[in-house]
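The structure under discussion appears below in the form of structure tokens.
We did not get these values from a lab; they are worked out from the coordinates using the rules stated. Computed from a prediction, not measured in an experiment: that's the story for all the values here. Neighbour counts are summed over all protein chains in view; Cβ atoms, including those assigned to glycine, are modelled from backbone coordinates with ideal geometry.
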Amino acid sequence: MLKATLITAVSAMLFSVSGYVKNATPRNKSQHTKTSFQSLATPTRANNIADSALLKVGDKCPEFVFRDTSGYDGRNVKLSDLKGKYVLIDVWASWCAPCRAQYPYIVSLEAKMKNKAITFVSISIDSHVWRWKGPNLTQMGGIQWMVRDEVFEKAFGINAIPRFILLDKDGNVLNLKMPLPSHPELEQELNKLNGI
């Protein structure tokens with residue numbers, strides 16, 4: 001009896017949903033490929049931006065607001081706060097095993113370049129700081145920020161992590177996809193920078 005009732009209920013739900021699916025109109029792709037930052041500022045995930053970055057090499061980095069998680073005050077910070085030095089951005093998340101595998105290399109590279117005109121900033125795209133803060137934070141070193149805004153990811157075309165981005169001393173994009181710290185090419189490229 002219960003089995004027959006469940007089968008009837010599920011069948012009725014599927015039948016009613018099929019009417020909505022059949023009557024649905026296809027989405028207009030042009031609505032989902034807006035390229036202005038104004039269109040990105042909406043909180044909805046419906047904006048399906050193309051995988052390519054909206055920012056290009058030479059573009060000024062917008063004033064994204066991040067949460068500083070290096071200390072325990074959680075103040076708001078911006079990349080422009082680091083103006084005057086090159087900035088190597090590491091985009092990562094606590095659930096990303098390849099991201100965590102890069103950390104010993106980042107710490108080592110940062111130590112080698114501590115007297116140079118470059119700042120290393122790790123930006124977590126985790127939804128909650130408690131997922132990775134605590135004992136792990138002391139092992140990470142460097143500047144730790146967090147972003148909860150998809151605009152940042154879309155602007156840089158971040159569709160996979162880890163991702164390393166280089167900004168010049170004036171906050172302009174120099175490279176949207178730097179080599180991973182585990183590859184010697186990253187250190188070589190950084191040492192070639194003018195005024196490093």
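Summing Lys and Arg as +1 and Asp and Glu as -1 over all other residues whose Cβ lies under 11 Å from the Cβ of M113 gives a net charge of +2.
Per the Debye formula on identical point scatterers at the alpha carbon atoms of the range 53-191, with no solvent, log10 I(q)/I(0) at q = 0.12, 0.14, 0.15 Å⁻¹ is -0.42, -0.59, -0.69. Taking 20 Å as the cut-off for C-alpha to C-alpha distance, list the pairs among K114/K169; K60/K114; K154/K192; K78/K192 that go past it. Flagged as over cut-off: K60/K114; K154/K192; K78/K192.
Rank the residues R75, R100 as a footprinting-exposure proxy: fewest other Cβ atoms within 10 Å of their Cβ go first. Before the final figure, lay out the partial values.
On the way: R75 10, R100 17.
Arranged by neighbour count, lowest to highest, R75, R100 become R75, R100.
When W92, W145 are sorted by how many other C-beta atoms sit within 10 angstrom of their C-beta, beginning with the fewest, the order is W145, W92.
Dipole of the range 53-191 computed with +1 at Lys/Arg Cβ and -1 at Asp/Glu Cβ about the Cα centre; of G157, Y86, V57, farthest Cα towards the positive end is Y86.
Relative contact order for the range 53-191: what is it in percent, counting Cα pairs under 8 Å that are at least 6 residues apart? Can you show the working numbers first?
Working: 237 pairs, mean separation 51.0, N = 139.
This gives 37 percent for the range 53-191.
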